[in-house]
Every structure is written in structure tokens, then in C-alpha cells.
1. Could you say which residue among Ile185, Ile170, Ile163 is over 20 Å from Leu127 (Cβ atoms) and touching a helix residue (DSSP H, G or I) at 6+ places or on another chain (Cβ under 6 Å)?
2. Keeping to the range 166-178, report how many residues are within 11 Å of Phe52 (Cβ to Cβ) and either among the small types (Gly, Ala, Ser) or under 12 Å from the mean Cα position of the chain (by Cα) (or both).
Amino acid sequence: MRLLRAVTLACGIALAGASAAAPVATAPDDPAADRVIAAIATRAAPIKAYTFNLNVRVALLTFPWIRFTLVGHGEYERNGSFLIHFDHVPWFGKGYSTIKMDALDPSNWSKHYVITLAGQDGTVSHLSMRDRIKSPLQEATATIDEASGVRDLSWLWDYGGRIVVHVTPIFVSGYPFPQFEDADISMPQYHATAHAEFSDYNVTVDPSPTPPTVVK
């Protein structure tokens, strides 16, 4: 069950970055980090809804060295639900066939984390995040490209757990979404990798503003 939860976390958070609907009222402690997150929200604001298919191949690199595939689909509605549903899950994943992804939306991060801008390299920003309420999480990091969105993510816990995710984006209707995600999941009890493929995006956006009438 913990493995499936980790896989879902790794697959979902970058996808959530594509649908940041609006900046939250509670700003992060670092105004520079706030500007990075607000830029994601502004760019994605015209997205009304989208659906997609999802295929995740998981390989457990420690005993019992199992491999399995999760097949599912997802749906997002602005100011509504953001869900991933797996058609079938292993016996140890009961209760995780449908996952709410709202909490993973970057526009909600500042509600849960103290966020600082750790550095910038041209159009690429590096964020460092720590829980506002004490928890086993030591640090989460996010690398965000101005044009293509979330590219790398990591989580480090004080009990030795670590998840690292690399995102390969694709542009659909002019907006960046994950095409592939590759995750390395290392926990005290196991070590696993996951490769996620997102496909068949159907994106609905707000109509372009009507050009102003030119009076001659």
C-alpha cells in the first residue's frame, strides 16, 4: 500500500502543476517563490478542463522483485475535481484506485509548505519546501521552467525515504503537460522505479478574447 501511495504521489504532482488555477491567498514566506508559483497559475488560468489516459510501469528492485502496470485515466475541472482513477490495482493497493489530486496543485503549496527560492538559472527556478506543521518531511524541492512547467521534483523524509521525479513535457493546445515521468522511490522497506506515460489529452480552454473593434 505504501508503494502504491508513493507511485501515485510521484505521478500526480507534476501533472497538477499543469492545472494551477489561481494563486492562493496565503503567500509563501519568500516573495520570490510566490512570484514563481503565481507565474504557473497565470499561464494555466485559461484551462477549463482536461482529461487524459495514464499508464504506469512499476518495478520493485528489492524483494519480492515484482513488476506491475497501472492503467487508468484522469480528469480535471477548474474549481472542481481533479482525480486519477486506476482501472485495476494490486491487492495491496485496495483503497487507492481513485486518488484526489487537489492537494498536489502548486497553487496550494503555500498552504502546506514554507517555500523559498533556492536559486535561478535563466528561466529555471529551484524551490525548497518544508512543512508548515512539523512532520517527517525534511525537504521537498521543485525545479520549474518558465516555459515548460515542473521538470524535477524530490521529497526527503527524516526516516530515510526519498522520491525523485523527472518530468518530460509535451505541449497540448499551447500548454505544457507531462508526457513521461520517471521516478526513483527509495524507502527503508523497499526500492522501486516507476515510468508513467500520459496520453490522449483532451483540453478545453477559455475562448480567446474578442479583438476590440476598430472604429474608423
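Each value in this text was obtained by applying a stated rule to the coordinates, not by laboratory testing. Just so it is clear, the structure is predicted and the values come from calculations on it, not from any experiment. A quick note on method: Cβ atoms are made from the backbone with ideal geometry, for glycine too, and the neighbour counts reach across all protein chains shown.
1. Ile185
2. 2
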